[in-house]
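For reference, the structure is listed below as structure tokens.
The values are calculated or read from the model by the stated rules, or taken from the named source; none is laboratory data. Note that the structure is predicted; figures quoted are calculated from it, not measured. Here the Cβ positions follow ideal geometry from the backbone for every residue, glycine too, while neighbour counts run over all protein chains shown.
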Amino acid sequence: MLSSIRYKLILLILLLISFLQTEELITKTVKEAPKNIIIMIADGMGINHIIATNIYQYGNFSSQKYQSFPISIYASTYLCKNINDNDEDWDQGYNSFKAWDDFDYVKQNPTGSAAAATAMATGKKTYKKSIGMGLNKQPLYNISELAKDINKASGVITSVQFSHATPAGFAVHNVHRDNYEEIAQSMILDSKLDVIMGCGNPNYDADGKKRDPLYKFVGGEVCWDVIKDGSSSYQFPGGSKLVIQDIDSDGEPDPWTLIQTKSEFEKMTKGDTPKRLIGVPMVTKTLQQERSGDENAAAFDVPLNDNVPDLATMSKAAINVLDNDPDGFFLMIEGGAVDWASHDNQSGRMIEEMIDFNKAVDSVIAWVETNSSWDETLLIVTADHECGYLCGPDSDPEINYIERNGKGKMPGMEWHHDGHTNQLVPLFAKGVGSELFYLFADETDMIWGSYINNTEIAQIVFLLWGRY
């Protein structure tokens with residue numbers, strides 16, 4: 001009896017010590033909150049997307065700088081069950097044993113980019129097509145809005161259309177991701193973002209050639225005219241009026257400065273910048289992935305579009321605007337076309353898109369180490385979900401090694417799906433506050449080890465920036 005009491009007392013003391021140590025770490029971390037937070041998302045990226053790209057580019061399995069970050073864990077991405085879904089057999093959550101035993105398990109009811117972006121931006125699970133809306137179809141508070149509320153700058157950039165799910169989920173609120181025109185209008189007119197960059201240029205096709213205008217992805221013709229002319233408002237003949245947001249509380253609308261050419265993006269990476277910048281490269285869908293030519297060719301066999309910037313240039317230009325704010329900034333950077341290539345099982349173009357994303361990460365790391373520091377900036381590199389169920393050739397869930405065929409040669413790889421999966425995705429973090437990820441990683445996968453829920457990314461940011 002005494003032994004049992006002594007055991008319980010010791011256990012209670014150990015739990016109390018653990019609690020106090022955790023509380024001390026959280027308190028210390030929050031007091032040293034990051035001035036800047038940058039989240040970089042390779043849409044559709046699983047661990048094998050990274051490995052295949054490393055093998056092609058370097059001949060090694062682990063070559064990226066972010067793979068050596070102090071925080072290297074995984075994140076679950078599963079979708080919140082739709083309140084209108086009456087399927088009682090739906091298996092909510094992530095089951096590690098099933099995931100590693102059955103190819104079909106992780107293909108069932110996967111998340112979409114909209115719901116995943118909303119989860120990462122707001123800390124709340126939601127339905128599949130939601131852009132910043134909860135299950136009750138009411139707006140959810142997001143990281144970009146928090147940044148503006150604490151007097152920081154905020155921006156979103158992507159290699160696909162800027163009104164697509166991931167940038168939109170970090171910026172605005174809409175009941176359905178396919179409402180591109182409404183979403184673009186909200187981003188341009190209603191949000192207080194300082195920077196927006198992404199494709200969707202109405203006047204150019206996938207190869208950067210002139211085409212008949214398609215205004216849907218930029219908010220309609222009137223909205224395009226407003227940003228093109230640098231206007232603060234537009235008066236319709238019937239009396240209604242579009243007005244750009246006042247982002248600095250001086251009582252005056254703050255119009256956008258539009259850049260489109262590759263040289264304009266390159267020039268914006270240094271020197272003076274406007275107060276608000278919207279960059280729309282001269283291409284309609286993606287920077288590179290949707291260009292013409294053999295879609296299944298090996299990486300870089302088809303010449304790249306030469307009239308658009310790469311994601312690294314866009315990232316440097318965005319930061320050059322945002323770091324003018326003495327209070328710091330939030331920036332979401334998406335390598336969006338990794339997902340597009342994975343949907344189409346385009347091995348070569350997926351590797352191209354991953355290399356473009358990795359170069360963007362390297363450019364951000366260089367900025368932190370040259371112009372900021374890891375003591376004031378937190379960098380998170382992750383994915384919203386896996387796409388394509390990429391494995392090695394002739395593999396099953398437990399034997400998924402990508403084959404090495406030499407540097408510069410396409411690796412041995414095999415796609416098992418043309419859609420999203422609920423596989424865990426890798427997450428890497430470095431900088432002030434990154435220790436919190438290990439505290440939140442309280443679930444364990446039988447292969448990959450500790451992992452967090454994707455909602456906990458926003459929850460950590462909210463904790464660091466004082467909203468908890």
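Inside the stretch 167-205, residues that are outside any loop (DSSP other than H, G, I, E, B), acidic (Asp, Glu) and under 20 Å from GLN138 (Cβ atoms) make up a count of 2.
In the stretch 414-437, is there at least one residue being in contact (Cβ under 8 Å) with a residue 12 or more places away in the chain, within 19 Å of PRO70 (Cα to Cα) and among the aromatic types (Phe, Trp, Tyr)? Looking through the stretch 414-437, at least one residue is in contact (Cβ under 8 Å) with a residue 12 or more places away in the chain, within 19 Å of PRO70 (Cα to Cα) and among the aromatic types (Phe, Trp, Tyr). Scanning the stretch 403-436 for residues that are surrounded by 22 or more Cβ atoms within 10 Å (Cβ to Cβ), within 17 Å of the chain's Cα centre (by Cα) and not β-branched (Val, Ile, Thr) turns up HIS420, ASN422, GLN423, LEU424, PRO426, LEU427, PHE428, ALA429.
Per-residue answers, yes or no, for (1) under 21 Å from SER163 (Cα atoms); (2) aliphatic (A, V, I, L, M); (3) modelled with pLDDT of 95 or more:
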{"position": "VAL106", "(1), (2), (3)": "no, yes, no"}
{"position": "PRO110", "(1), (2), (3)": "no, no, no"}
{"position": "ALA116", "(1), (2), (3)": "yes, yes, yes"}
{"position": "ASN136", "(1), (2), (3)": "no, no, no"}
{"position": "PRO139", "(1), (2), (3)": "yes, no, yes"}
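Residue by residue, here is whether (1) in a loop (DSSP other than H, G, I, E, B); (2) at pLDDT below 65 holds:
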site	(1), (2)
ILE26	no, yes
ASN48	no, no
SER62	yes, no
ASN84	yes, yes
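The rows are residues; the columns are (1) among the hydrophobic types (A, V, I, L, M, F, W, C); (2) closer than 21 Å to THR261 by Cα; (3) crowded, with 19+ Cβ neighbours inside 10 Å.
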| site | (1), (2), (3) |
| --- | --- |
| ALA165 | yes, no, yes |
| ASP190 | no, no, no |
| VAL195 | yes, yes, yes |
| GLY200 | no, yes, yes |
| ALA206 | yes, yes, no |
| LYS209 | no, yes, no |
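Of the residues making up the stretch 244-298, those that are surrounded by 14 or more Cβ atoms within 10 Å (Cβ to Cβ) and small (Gly, Ala, Ser) are GLY279, ALA297, ALA298.
For the criterion of being aromatic (Phe, Trp, Tyr) and at pLDDT 95 or above, TYR94 fails.
I need the full set of residues from the stretch 107-131 which are part of a helix (DSSP H, G or I) and either crowded, with 24+ Cβ neighbours inside 10 Å or among the aliphatic types (A, V, I, L, M) (or both), in order please. Residues satisfying the conditions are SER113, ALA114, ALA115, ALA116, ALA117, THR118, ALA119, MET120, ALA121, THR122. Checked across the stretch 367-384, the condition of being out of contact with any Leu (no Cβ under 7 Å at 6 or more places or on another chain), outside any strand (DSSP E or B) and within 25 Å of ASP101 (Cβ to Cβ) holds for at least one residue.
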